[in-house]
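To start, the structure itself, in structure tokens.
What follows draws every value from the coordinates through simple rules; no lab data is involved. Everything numeric in this text was worked out from a predicted model, so none of it was measured. Using ideal geometry, Cβ is built from the backbone for each residue, glycine included, and neighbour counts are taken over all protein chains shown.
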Amino acid sequence: MAKRILNLLFALALSHGALVAQSFDESSRAAHAMLTRLCDDFGGRVTGSEQNRRALEQLATELRALGVEPEIISFKMPGWERRVDKAELVMPFARPLRGVTIAYTQPLASTEADVVDIKGGQPEDYPADMRGKIALLSPSTTLQTRDFVRIAAEKGAKAILFINREGGGQLLARTGSFIGEALPLPVFSIAQEEGNWMKRLLERGKPVRVRLEATSRCREVDTANLRVVFKGKSPERIVVGAHVDSWDLGQGALDNGLGTAQLFALAHALRGQELARTVELHWYNGEEQGLWGSRHAAAQIGDSPIVAMINLDMVGVPIGVNALGDDSLVPALERWNKSLATPLPKGVENINWFGSDHTPYQLAGVRTITFNAPIPRESVRYYHDLADTIDKLPEKIVVDSTATIGSVLLALVNDRELSAMRRTPAETEKIFTTFGIDRRMRAIGYWPFN
């Protein structure tokens, strides 16, 4: 009898699906306009900063204007504050260098030292005496930050200049630790062109000397996630999440203003709709420093009946949907893809990867979904830097991407053959080891299994 009632509820909800789908275009345009205001009014949104706090308050205000009430969920995390940091070339002549410290770099008094090319940063790449020198690290290093910093510190280096992987004067702001530990020596991300210039001088035996100073610091921060719940006929739920924080060099429009806007568009579209299952929308903080907001949220789910979590992190227009290594989700996603007038060209993929807000949910035994959804090269090359601004994100990307995201969400809400489940710890461990992700997670100190 219970199953018959649930099927009836699903049938009733399906009748509303077309209405919701029709509203995605309008909702997406409203979301892009909201994001434009958020980016232009507050700039980058580093977790713990005043800009982040004010942007989160504005997002909550914009959601209330839609008639939905966001829940503000406060938490503490090991944060990092960017202050005044300097990098200057001293020899062969004086000039400022384009560089910024990475997160969890600690203060460094003004220090002048010779530069040594350590190539990929392996122990054998160092000279016999590295004491008091500054290491120049290749962007092609295979080492995790935790490892190359540890090796450099053990060799006696004073600091690391990490050459950026993207050309054009770009700087890649990034975290130095996924577990919030202070770095034993400062790391500066420097422009590729200047890094390669120094490498050429060193290869010719020319001395290169730089002066560095850092005042950025680690500190515990108070921050918050936002959550909006649309109650369905069933307590079973679909969680959709995106991180609202960004780096500070630009506006964080691509990473991850895009996901912030897509969630807003879903909230705009789902107002007043009857849903077969409950939908939770989460805006996470602290993703860039180490997935802190989603860690906090995943730790609070208890025994909630969750069907799946959808992660929206730099999701352009999808060409595929990814079950992230969980075979049990593939049939439902295949049913959805086959129902489309034009199925996605890459169809349903099932490849796990690490480094975004789906990971804490996976570790909690929840099935997760992301998308194969590239952002055009002319925009995405600027992420994490000064030029990650709203003008790099056309409204059409938000409109087209949200149409697909919303379609998947509604399919999961209404799929009668799916039910909530949790993997066992052994099953969860397998989806990481099968794809070799455990090696990276162990290296950064974020591996919960024995």
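One table, with the values for the structure above:
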| quantity | calculated |
| --- | --- |
| Given charges at Cβ of Lys, Arg, Asp, Glu: the chain dipole, positive-most of N352, L254, T101 | N352 |
| Shape call, region 237-356: gyration tensor on alpha carbons, a/c limit 1.5 | rounded |
| Nearest-20 debye value, region 187-315 charge dipole, Cβ charges on Lys, Arg, Asp, Glu | 260 |
| Lysines whose Cα lies under 22 Å from that of K206, excluding same-chain neighbours fewer than 8 positions away | K119, K133, K158 |
| Helical mean residue ellipticity (222 nm; -39500 (n - 2.57) per DSSP H run of 4+; nearest 500) of the chain | -11000 deg cm²/dmol |
| Amide N proximity, region 301-329 versus V229 label position 7 Å along Cα-to-Cβ, cut-off under 17 Å | 301-309 |
| The chain, Cα convex hull volume normalised per residue, Å³ | 138 |
| HN-Hα J in Hz across region 135-145 - Karplus 6.51, -1.76, 1.60, θ = phi - 60°, x for Gly and Pro | 8, 9, 9, 5, x, 8, 4, 9, 7, 6, 3 |
| Cα gyration tensor shape for region 183-282, rounded if a/c is under 1.5, else prolate or oblate | prolate |
| Only Lys, Arg (+1) and Asp, Glu (-1) charged, at Cβ; region 83-215 dipole about Cα centre in debye | 200 |
| Dipole in debye (nearest 20) - the chain, about Cα centre, beta carbon charges: Lys, Arg +1; Asp, Glu -1 | 460 |
| Mean shadow area of region 248-304 over all directions, Cα convex hull, nm² | 5.1 |
| Exceeding the 32 Å Cα-Cα cut-off - candidates K155/K392; K231/K396; K86/K392; K76/K346; K233/K338 | K155/K392; K76/K346 |
| Kirkwood Rh, angstrom, region 185-238 [1 / mean 1/r, Cα pairs] | 17.2 |
| FRET E, pair R416, K396, Förster distance 41 Å, beta-carbon r, rounded to 0.05 | 0.75 |
| Top positive-direction residue, dipole computed over the chain with Cβ charges, set W292, Y383, L35 | W292 |
| Cα principal axis extents for region 83-215, largest first, Å | 39, 32, 29 |
| Gain on full stretching of the segment that runs from E57 to V380 - 0.36 nm per residue minus C-alpha separation | 113.6 nm |
